[in-house]
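Report on one structure; see the data block that follows.
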Amino acid sequence: MASRDDEMRDFLHGAGIDPGAVDSALEIDGVMQQWRRRWNKRELGNSALRDLQLSDRLDLAQLDVLMAIWAPSKEFHCKAGQETMVATVAERLAIDPSRASRLVSDLISKGLARRAVSQQDARRTIVELTENGKAIVRAVRRYKFLLMGDFLSGWSPEERDTFLPLLARFTKWTEEAPNMASDHFAEEVAALVARLSPTDKG
């Protein structure tokens, strides 16, 4: 009996996908799905809050907002001098503005953030971190990069130099996938739709 992966290989080969790319796609997807499940558990974030004795002061959603206000340049690609509003936090974290507003208010009540008047437009209210909020962000980031830096120290310079551009390149595939489905594989997608029962469609 053919395995699920064998069936997938046959389907992808029939769609004209290179056999080597098919095997790589199956292997990469397996690794990424395991990574996604671990990421969803937020193991590193939870361990940072625990080890830094912040668990009773902060949850992960609030920590995310602190980071979005701080806006590390490598993570958010913000322009120098860009001010942060509640709407900015919502955009950076891809969350609903009302949720961002509630989380910001939580941080303000904890003394980790504050509202201020924009220096660029006095009609606008911005959000910034207090010294306590900055201290938490610095501590959590240092905690994370201590662990990541130590892990990557076991890699050779060549491995690190190879991995980063390939990872950056790979992360773009989901941005291109919707267009690929409609532009390159319209026939295959239509066949998949045709094979679904009315129950499956519902």
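Where a number appears in this text, it was derived from the coordinates with a stated rule and is not lab data. Fair warning: this is a prediction, and the values are worked out from it, not measured in the lab. As a convention, Cβ positions derive from the backbone with ideal geometry for all residues, glycine included, and neighbour counts pool all protein chains shown.
Distance from the Cα centre of region 60-112 to that of region 137-159, in angstrom?
Their Cα centres are 24 Å away from one another.
Note the listed values (1) 1.42; (2) 1.36; (3) 1.04, then indicate which one is Cα Rg over 2.2 N^0.38 Å calculated from this particular structure.
Working out Cα Rg over 2.2 N^0.38 Å from the coordinates points to (2).
Report, in listed order, any pair from Lys41/Lys134; Lys74/Lys144; Lys74/Lys172 with a Cα-Cα distance greater than 20 Å.
Values: Lys41/Lys134 25 Å; Lys74/Lys144 14 Å; Lys74/Lys172 16 Å.
Correct reply: Lys41/Lys134.
When a/c reaches 1.5 or more, the comparison of a/b and b/c decides; with that in mind, is region 40-159 rounded, prolate or oblate per its Cα gyration tensor? If you can, show how the numbers build up before the last one.
Numbers: a/c = 2.13, a/b = 1.54, b/c = 1.38.
In terms of gyration-tensor shape, prolate.
Treating the beta-carbon of each Lys and Arg as +1 and of each Asp and Glu as -1, no other charges, what is the dipole magnitude of region 5-53 about its Cα centre, to the nearest 20 debye? Kindly include the intermediate steps, with their values, before the conclusion.
Numbers: 7 positive and 10 negative charges, 128 e Å.
So the dipole magnitude of region 5-53 works out to roughly 620 debye.
Gain in length, Ala94 to His77, computed as 0.36 nm per residue apart minus the alpha-carbon separation, to one decimal in nm? If you can, show how the numbers build up before the last one.
Values: separation 17, 0.36 × 17 = 6.12 nm, distance 1.46 nm.
Here the answer is 4.7 nm.
Charges on Cβ only, +1 for Lys and Arg, -1 for Asp and Glu, centred on the Cα centroid of the chain; of Pro165, Leu66, Gly111, which one is farthest towards the dipole's positive end?
Gly111
Enumerate the aspartates and glutamates that Lys110 could reach by cross-link, defined here as Cα to Cα under 19 Å, with residues fewer than 8 away along the same chain left out.
In chain and number order, the partners are Asp56, Asp59, Asp64, Glu128, Glu131.
How would you order 176-188, 56-68 from highest to lowest mean count of nearby Cβ atoms within 10 Å? List each step's numbers first, then the result.
On the way: 176-188: 10.8, 56-68: 18.1.
With the highest mean Cβ count within 10 Å placed first, the list reads 56-68, 176-188.
Tally Lys and Arg at +1 and Asp and Glu at -1 over the other residues with C-beta under 13 Å from the C-beta of Arg57: what net charge comes out?
-1
If I model a spin label at Leu26 and Gln120 as a point 7 Å from the Cα along the Cα→Cβ vector, what separation in nanometres do I get?
With each label placed 7 Å out from Cα toward Cβ, I get 5.0 nm.
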